[in-house]
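See below for the structure under consideration.
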Amino acid sequence: MTKDLLTLATFPDEDFFKVLERAELLKAAHARKEERWTLKGRTLAMIFEKSSTRTRVSFEAGMSQLGGHAIFLSPSDTQIGRGEEIRDTARVLSRYVDAIMVRTYSQESVEEMAKHASVPVINGLTDKHHPCQVMADLLTIKERFGRLEGLKLAYVGDGNNMANSLIEGCVKAGIDISLACPEGYDPDPGVLAWAKGAGGQRGAKKGTGGARKGEVNLVREPKAAADGADVLYTDVWASMGQESEKAAREKHFRGFQINSGLLGKAKPDAVVLHCLPAHRGEEITDEVMEGRNSAVFDQAENRLHAQKALLELLITG
């Protein structure tokens, strides 16, 4: 069992596939309204330096459904907002709670928290990675196709935190990923180097999945990425904290949109995903987001189930 989830690249393959398998069971139990109080008496601290809808509600509801409790902490609720060092907060919280989830700007902040905490630390989002979202994405894809290995995912848009974590998750799961990004907006070079190299600890154990390494392809034309794809994925052109770049990004990303024309390049049963919130009419059209190929709201729901499985693994093993 690993201690933290900071990136999918550093999350052991055995745990990666355990979370996906357990999430399916927990979702089925949730649909049957079965109580699974596996985290009774356990507490999660949730530190939010970036606001959220899905991350907060899914983690808070997930802890409640497993019999535990979650504490929401904004910058104004903690001494971090007044300059307390992360290492001091990590040590103190570790004496109060069973796990810490952090949603912030800097990846270094999450890693600093994990370095000094004695309880598991979960990356709820940074500017560089969004691993919890991708676990939910992979669960959604598995539901639709019954498998992960050998599928093709096309990502259209900014090479941001979503692109970075999708690369890592797809490589581990055996999904080939093509990313269409405007020049100057490529994914993180370190993530691309990781994917090109060892690609993590792929499926070393029989039955864990991931026997096949997913391949990564970076292109400039959305149609080239979408050709024959099983999954089309996009994110907003300007993420939180990039509002000042909105006008420039609108110019560079014009044409990097999932619409009916691009969907026509994918397979007929292709699934459309978006991590939300969506700016309809920019990176995705309303027609596609509300169309029969869209699994966007199943994807959002699956944040709950994937994170419940993750919390069980990290807190209780």
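No lab work stands behind these numbers, since they all come straight from the coordinates. Only a predicted model underlies this, so the values are computations on that prediction, with no experimental measurement involved. Here the Cβ positions follow ideal geometry from the backbone for every residue, glycine too, while neighbour counts run over all protein chains shown.
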Distant-in-sequence amide H partners of Ser294 (H built 1.01 Å from N, under 5 Å): Val272
Those trypsin sites (Lys or Arg not before Pro) in the stretch 1-67 that DSSP places in a loop and that have at most 13 other beta carbons within 10 Å: Lys3, Arg32, Lys33, Lys40
Whole-Å distance, taken between Cα centres, linking the stretch 248-317 and the stretch 1-38: 21
Neighbour-count order for Leu125, Leu218, Leu148, fewest beta carbons within 10 angstrom listed first: Leu218, Leu148, Leu125
The chain: DSSP helices with Cα axial extent of at least 27 Å and average Kyte-Doolittle hydropathy no lower than -1.0: 13-31, 296-316
Per-pair calculated FRET efficiency, R0 = 45 Å: Lys115 and Phe297 via Cβ, rounded to 0.05: 0.75
Of Ala300, Ala31, His279, farthest towards positive along the dipole that unit charges on Lys, Arg, Asp, Glu beta carbons give the chain: Ala31
Taking all pairs of distinct alpha-carbon atoms in the chain, Kirkwood radius in angstrom: 19.7
Nearby lysines by direct alpha-carbon distance to Lys172 (threshold 22 angstrom, same-chain neighbours under 8 apart not counted): Lys3, Lys18, Lys128, Lys142, Lys152, Lys196, Lys205, Lys206, Lys213, Lys308
Full-stretch length increase - Val92, Thr316 - with 0.36 nm per residue and alpha-carbon distance subtracted: 78.6 nm
Efficiency of FRET from Cβ geometry, Asp77 and Leu276, R₀ 25 Å, rounded to 0.05: 0.50
In the stretch 116-191, the trypsin sites (Lys or Arg not before Pro) that fall in loop regions by DSSP, at most 14 other Cβ within 10 Å: Arg147
Separation in nanometres of the label points that stand 7 Å from Cα toward Cβ, at Thr53 and Ser260: 2.6
